[in-house]
1. Picking from L119, L133, which residue would you name as being in contact with a strand residue (DSSP E or B) (Cβ under 9 Å, 6 or more places away or on another chain), among the hydrophobic types (A, V, I, L, M, F, W, C) and surrounded by fewer than 18 Cβ atoms within 10 Å (Cβ to Cβ)?
2. Going by what's in this entry, would F164 be described as out of contact with any Pro (no Cβ under 8 Å at 6 or more places or on another chain), in a helix (DSSP H, G or I) and over 22 Å from P33 (Cα atoms)?
3. Go through segment 96-116 and give me each residue that's crowded, with 16+ Cβ neighbours inside 10 Å and under 25 Å from E35 (Cβ atoms).
4. Inside segment 197-211, can you point out the residues that are surrounded by 12 or more Cβ atoms within 10 Å (Cβ to Cβ), over 33 Å from the mean Cα position of the chain (by Cα) and within 18 Å of N323 (Cα to Cα)?
5. Which number in (1) over 19 Å from F315 (Cβ atoms); (2) of a type in the set (D, E, K, R); (3) out of contact with any Ser or Thr (no Cβ under 6 Å at 6 or more places or on another chain); (4) free of Cβ contacts under 8 Å to residues at least 60 places away in the same chain marks the one condition that K208 misses?
6. In segment 300-346, what residues are over 20 Å from C231 (Cβ atoms) and among the acidic types (D, E)?
7. Check whether at least one residue in segment 306-327 is modelled with pLDDT of 95 or more, surrounded by 15 or more Cβ atoms within 10 Å (Cβ to Cβ) and among the acidic types (D, E), and report yes or no.
8. Scan segment 278-287 and give yes if some residue there is under 14 Å from Y223 (Cα atoms) and crowded, with 18+ Cβ neighbours inside 10 Å, otherwise no.
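The values are calculated or read from the model by the stated rules, or taken from the named source; none is laboratory data. Fair warning: this is a prediction, and the values are worked out from it, not measured in the lab. Note that we place each Cβ from the backbone using ideal geometry, even for glycine, and neighbour counts take in every protein chain shown.
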Amino acid sequence: MKKIFTVLLVFAVMACKQEPRDYVSLSGKISNPHESNSIKVFKGNEYEKIISIKEDGTFSDTLKVEEGVYRFKHGEEYGQIYLKNDNEISFTLDNDDFDNTLKFEGDNADKSNFYIASLLMPSNYLDASIFDLTEDEFNKSINGLKDGFTKLKSEFPTLDESFFQEEEKKLEGTIKSYTDYYQSKLALRKAIPQGTPSPIFKNYENYKGGTTSLSDLKGKYVYIDIWATWCGPCKREIPSLKKIEEQYHGKNIEFVSISTDNGRGYKEKTFEASKVGWKKMISEKEMGGIQLFAGEVWDKSEFRNFYKIRGIPRFILIDPAGNVVNADAPRPSSPSLVKLFESLNI
């Protein structure tokens, strides 16, 4: 009888055991959700699913996936999540502080939480001002990032070393990108050292009327912003530039923005269409300083070629005598810019 009971018990346990589900259950809650009221989960062009958000901010759905890392989008914000069939995972966040409130719970939640923490880590060590540092300072920031990553790993003891190896490769790629870019900027500064006579630009159209040449500004420091209306990073610097202009209003310095718009981003793809868009943006964003439109002469200009301008935004500082102070000056958003101005007693 005991043997029969044991056999029956085994069969009972086997009968109660569920087959693995061929989907992952995803749920959660978003505080202050975007008006879109949805979440898009996707993986390149391979997979996409839209999940509706209820009025109370909650959501729930099932997804059939290939195991791996997926992205999700809510409004204009993005996150990463690890998905695997037969898992149940959830996350919560406040859309008003997306990055700092995103938290995962459930199966393999540690992987998703690590992804988010590691994605945010570079911003704590490698902001745009890092490119204005000396080599020693730059290397110190890079080493700080590496130490921070090691510390982060220790906070996730449930994850094995093979998982971290993949993430370390991504970190190495990030560090290489920053280092290569820093070295290119360092080489530029060495190629065009302080005190080098600057070439001039001539008769660029002035937003306020007439034309302006660099020679018209002799006797003052000139901080030049090379930008375009289609350039996202350029536009992100506008608020900081306006603030710096206000701070140094009446000082011995002129702030000059040179638009390199050439039709890109406009349906007509012409300089005239760009000029209309340029004037519109200056008006809408209430941009100050001296606003110039380089036009068709820009691409072949001595000014562009001398300063080796291959990408924008780019910032240049010239002294009152017309000599280079910094051929790759700090951005308006960088604390290094005010330090530079202070060192020159502007």
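1. Unique residue meeting the criteria: L119.
2. In short, yes.
3. F98, L102, F104, I116
4. Within segment 197-211, K202 is the sole residue that qualifies.
5. Among (1) over 19 Å from F315 (Cβ atoms); (2) of a type in the set (D, E, K, R); (3) out of contact with any Ser or Thr (no Cβ under 6 Å at 6 or more places or on another chain); (4) free of Cβ contacts under 8 Å to residues at least 60 places away in the same chain, the lone unmet condition for K208 is (4).
6. Result: E302, D319, E342.
7. yes
8. no
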